[in-house]
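What follows is a single structure, written as C-alpha cells, with notes after it.
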Amino acid sequence: MRVYVPLTLPGLAEAYKTGDLGTGLVAYAVTPALREWYLSDDIEELEYAALNRAAMASLRLLAADPGARRRRVVVAVDVPDEAAVADPDRGLDPSALGEVRVSGGVRLAKAAAVHVDADDAEADMAAAAAALEAADGGDDDAQFVVDGAEDHELLWFATQEIPNLVDLPD
C-alpha cells in the first residue's frame, strides 16, 4: 500500500541522516472512507486526494514548528497492506479521512518519491500556517487563507534529490 507521510524540511533532514522515517507513523492512504468521500474509482485521483490530505497534515506540522522553512513535505512510501491501519472509530470523521497508522519502522530507503512545495509557495504557506488555529476555530477569513495553500501543487522529487532539498552533502 502506498502511504503518504507528512513532514517538514527539518523532519526530512532528520530522516535522511538516520535513514528512518520513524515508527508508529500517522500517514495518509486510499482508505475505504476516503474512497466513499471522494466518490471515485480512479486510483490516481484517490492517491492524489490522499497526498493532499498528507499535505494538509504537513501544514499543521509547519504551524507547530515556527523555525521550519514554510514548505510542505510529503514522502510517498510503500508499506505492506497489513502495516497501514485506519482507525475504524474515526473512519467517517472528516478530519481523519485517509488517515492510517503505520505499524513498525519505516525506512527512508523504501520511499518512492518526495513531494515538496516550490520556493515561491513559502509566503502562502507561512500565512496558512499562521491562520490555521483561527480557521480551526471557525474564522471564515482564516479558512480562506488556509484553503489557499491548496492552490500550490507539490513538486515531485526522486529520493536521490533529498540531499539537495535539505541542503545536506551526499
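The values are calculated or read from the model by the stated rules, or taken from the named source; none is laboratory data. Please read all numbers here as calculations on a predicted model, not as lab measurements. Reconstructed Cβ throughout: ideal geometry from the backbone, glycine too, with neighbour counts over all protein chains shown. Just so you know, the surface numbers come from the protein's heavy atoms only, side chains and all, with ligands and any DNA or RNA stripped out. Shrake-Rupley method; radii C 1.70, N 1.55, O 1.52, S 1.80 Å.
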Would you confirm whether any residue within segment 97-119 is within 16 Å of the chain's Cα centre (by Cα), of a type in the set (D, E, K, R) and more than 15 Å from VAL3 (Cβ to Cβ)? yes
Segment 128-146: number of residues that are open to solvent by less than 60 Å² (accessible area, probe 1.4 Å) and either within 20 Å of PRO10 (Cβ to Cβ) or in contact with an Asp or Glu (Cβ under 6 Å, 6 or more places away or on another chain) (or both): 3
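Only residues that are outside any loop (DSSP other than H, G, I, E, B), among the charged types (D, E, K, R) and touching a Lys or Arg at 6+ places or on another chain (Cβ under 7 Å): list them for segment 110-153, please.
Across segment 110-153, the qualifying residue is only GLU122.
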Identify all residues within segment 1-49 that are among the aromatic types (Phe, Trp, Tyr) and farther than 14 Å from LYS110 by Cα; write none if there are none. TYR28, TRP37, TYR38, TYR48
Counting only helices (runs of 4 or more DSSP H) entirely within segment 1-98, those with at least 1 residues that are within 22 Å of ILE162 (Cα to Cα), open to solvent by less than 80 Å² (accessible area, probe 1.4 Å) and modelled with pLDDT of 95 or more are 9-18, 43-64
Just to be sure I understand the filter: pairs with C-beta atoms under 7 Å, separated by 6 or more residues or on different chains, first member in segment 16-34 and in contact (Cβ under 8 Å) with a residue 40 or more places away in the chain, second member of a type in the set (D, E, K, R) and open to solvent by less than 50 Å² (accessible area, probe 1.4 Å). Which pairs pass? VAL26/GLU99; TYR28/GLU99; VAL30/GLU47
When both residues are 6+ apart or on different chains and their Cβ atoms are under 8 Å apart, which pairs have a first residue that lies in segment 147-170 and is under 21 Å from ALA50 (Cβ atoms) and exposed (fewer than 12 other Cβ atoms within 10 Å of the Cβ), and a second that is at pLDDT 90 or above and of a type in the set (Asp, Glu)? ASP151/ASP124
